[in-house]
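Below is one structure, written out as structure tokens; the observations come after it.
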Amino acid sequence: MYFPYFRGKQFELIAVRESAELLYDSNFIPVIEPIRRDLRGLFKTLDEVTKFHGEAIIIANPEFGNFESGRNSIAEEIVKKYPDCENISLGLLLKENMSVCDIESNLKSSEKNVNCLIHAGFSDARVLVELLGEDLGRFRHLFLENQSGKLYRRHINTSEGVLIRDGFRKQTNRDYPDQEFFSDLHATYQDEGMNGFGDFLTVGNYYSGTGGPAYAVAIHLTYIDNNRYGEMHIHHFKSIRQNSPKDPAGKFAEALHKLVDEVQDQSSQIFRSSAIEEFINLKKIGHYPGLGYVKKLSIKHHIETLAGYFKNRS
């Protein structure tokens with residue numbers, strides 16, 4: 001089972017919305033960490049998810065964005081909006097700066113609305129197990145790999161474990177290699193003792209409220225490399241010009257030209273997703289839709305690639 005982790009920016013929410021049917025058909029469950037107090041975009045997305053009977057996990061105590069300081073009412077708003085919907089559940093981030101008293105307080109205040117714990121830096125597994133007692137198995141446990149090591153995970157003995165790995169190495173656009181390894185967790189999560197896996201898609205476990213000037217435009221596309229045991233790798237299609245923030249539309253066209261050349265090569269291993277078809281059409285009509293739209297297509301392609309991988313395996 002796949003748990004893609006989203007930070008709730010507009011282009012990410014739209015990607016979830018447009019992929020809602022595929023997410024359900026593939027038994028994929030998106031995890032969404034809201035970053036804006038205005039939850040209308042989130043609700044619009046969840047309405048689409050529930051329309052197709054899909055599931056979603058919403059972080060009740062986000063770390064970033066407008067919610068990073070003080071308490072918020074996300075849990076209350078979600079419960080009010082979807083009072084009888086079992087498919088929309090709440091997750092609690094167990095962060096490094098939290099005490100076991102903080103965790104206990106959060107769980108009590110949410111009653112039984114939280115059924116997912118995201119292990120994201122909290123380190124005292126033994127105390128947590130004592131706190132939860134027999135309720136340990138009531139929760140689905142998502143482990144952010146670089147914030148919850150194997151020794152920590154060993155103490156959380158659960159059949160509902162999900163390992164989330166960040167396969168996207170964030171760099172400045174011009175510094176990305178043409179191709180690199182992304183992850184093999186889609187094929188090895190059971191070897192890690194987990195019954196599910198996740199990632200931060202082609203965005204990475206990185207948050208910034210604003211973007212700076214882009215000297216290069218890069219389009220990121222993941223693919224399954226059958227020549228390397230089915231590992232997932234990633235193409236970074238970069239613009240030729242990289243020395244000035246000017247002309248992002250022209251630079252997008254340069255990167256897009258490389259992308260289309262690759263996917264139309266018969267030896268290409270890039271999955272021919274609906275996002276790829278849209279990239280090809282953008283080149284055909286010579287249109288630049290904006291970088292947020294490009295990121296949305298990259299995310300949708302990643303989801304479709306994994307959906308295709310599991311469909312072929314079954």
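The values are calculated or read from the model by the stated rules, or taken from the named source; none is laboratory data. Please read all numbers here as calculations on a predicted model, not as lab measurements. Ideal geometry is used to build each Cβ from the backbone, glycine not excepted, and the neighbour counts take in all protein chains shown.
I'd like to know if the stretch 268-275 contains one or more residues that are in a helix (DSSP H, G or I), surrounded by fewer than 22 Cβ atoms within 10 Å (Cβ to Cβ) and not aromatic (Phe, Trp, Tyr). Yes; the residues of the stretch 268-275 include at least one that is in a helix (DSSP H, G or I), surrounded by fewer than 22 Cβ atoms within 10 Å (Cβ to Cβ) and not aromatic (Phe, Trp, Tyr). The number of residues in the stretch 282-308 that are surrounded by fewer than 18 Cβ atoms within 10 Å (Cβ to Cβ) and either of a type in the set (Ser, Thr, Tyr) or more than 17 Å from residue 10 (Cα to Cα) (or both) comes to 8.
Quick check on residue 202: is it assigned by TED's automatic domain parsing to the domain that holds residue 288 and among the polar types (S, T, N, Q)? Here the answer is no, as residue 202 does not meet what is asked. For the stretch 249-267, filtered to residues that are acidic (Asp, Glu) and under 26 Å from residue 183 (Cβ atoms), the residue that is surrounded by the most Cβ atoms within 10 Å (Cβ to Cβ) is 262. In summary, helices (runs of 4 or more DSSP H) completely within the stretch 5-61 and bearing 1 or more residues that are in contact with a strand residue (DSSP E or B) (Cβ under 8 Å, 6 or more places away or on another chain) and β-branched (Val, Ile, Thr) occur at 10-18, 40-51. Here residue 5 meets the list (1) surrounded by fewer than 17 Cβ atoms within 10 Å (Cβ to Cβ); (2) in contact with a Pro (Cβ under 9 Å, 6 or more places away or on another chain); (3) at pLDDT 95 or above almost entirely, failing just condition (1).
The residues of the stretch 229-248 that are at negative phi and surrounded by 14 or more Cβ atoms within 10 Å (Cβ to Cβ), listed by number, are 231, 232, 233, 234, 235, 236, 237, 238, 239, 241, 242, 248.
Would it be correct to say that residue 52 is at pLDDT below 95, of a type outside the set (S, T, N, Q) and in the same structural domain as residue 87 (by TED's automatic domain parsing)? In short, no. Would you be able to say whether some residue in the stretch 120-129 is part of a strand (DSSP E or B), farther than 22 Å from residue 306 by Cβ and of a type in the set (Gly, Ala, Ser)? Yes, the conditions are met somewhere in the stretch 120-129. Taking the stretch 148-165 as the range and being crowded, with 20+ Cβ neighbours inside 10 Å and within 20 Å of the chain's Cα centre (by Cα) as the test, the residues that pass are 148, 161, 162, 163, 164, 165.
Would you check if there is a residue in the stretch 208-228 being over 18 Å from the mean Cα position of the chain (by Cα), surrounded by 19 or more Cβ atoms within 10 Å (Cβ to Cβ), hydroxyl-bearing (Ser, Thr, Tyr) and not in a strand (DSSP E or B)? No, that holds for no residue.
One residue stands out among those in the stretch 113-137 that are under 19 Å from residue 31 (Cα atoms) and either small (Gly, Ala, Ser) or free of Cβ contacts under 8 Å to residues at least 24 places away in the same chain (or both): the one that is surrounded by the most Cβ atoms within 10 Å (Cβ to Cβ), which is 120. Within the stretch 13-22, does at least one residue satisfy the condition of being surrounded by 22 or more Cβ atoms within 10 Å (Cβ to Cβ), under 25 Å from residue 159 (Cβ atoms), touching a helix residue (DSSP H, G or I) at 6+ places or on another chain (Cβ under 7 Å) and at pLDDT 95 or above? Taking every residue of the stretch 13-22 in turn, none turns out to be surrounded by 22 or more Cβ atoms within 10 Å (Cβ to Cβ), under 25 Å from residue 159 (Cβ atoms), touching a helix residue (DSSP H, G or I) at 6+ places or on another chain (Cβ under 7 Å) and at pLDDT 95 or above. Kindly check whether there is at least one residue in the stretch 95-105 that is touching a residue at least 40 places away in the same chain (Cβ under 8 Å), in the same structural domain as residue 30 (by TED's automatic domain parsing), in contact with a strand residue (DSSP E or B) (Cβ under 6 Å, 6 or more places away or on another chain) and closer than 19 Å to residue 146 by Cα. Yes: the stretch 95-105 contains one or more residues that are touching a residue at least 40 places away in the same chain (Cβ under 8 Å), in the same structural domain as residue 30 (by TED's automatic domain parsing), in contact with a strand residue (DSSP E or B) (Cβ under 6 Å, 6 or more places away or on another chain) and closer than 19 Å to residue 146 by Cα. Quick check on the stretch 89-96. Is at least one of its residues modelled with pLDDT of 90 or more, assigned to a loop (DSSP other than H, G, I, E, B) and within 14 Å of the chain's Cα centre (by Cα)? Checking the stretch 89-96: not a single residue is modelled with pLDDT of 90 or more, assigned to a loop (DSSP other than H, G, I, E, B) and within 14 Å of the chain's Cα centre (by Cα).
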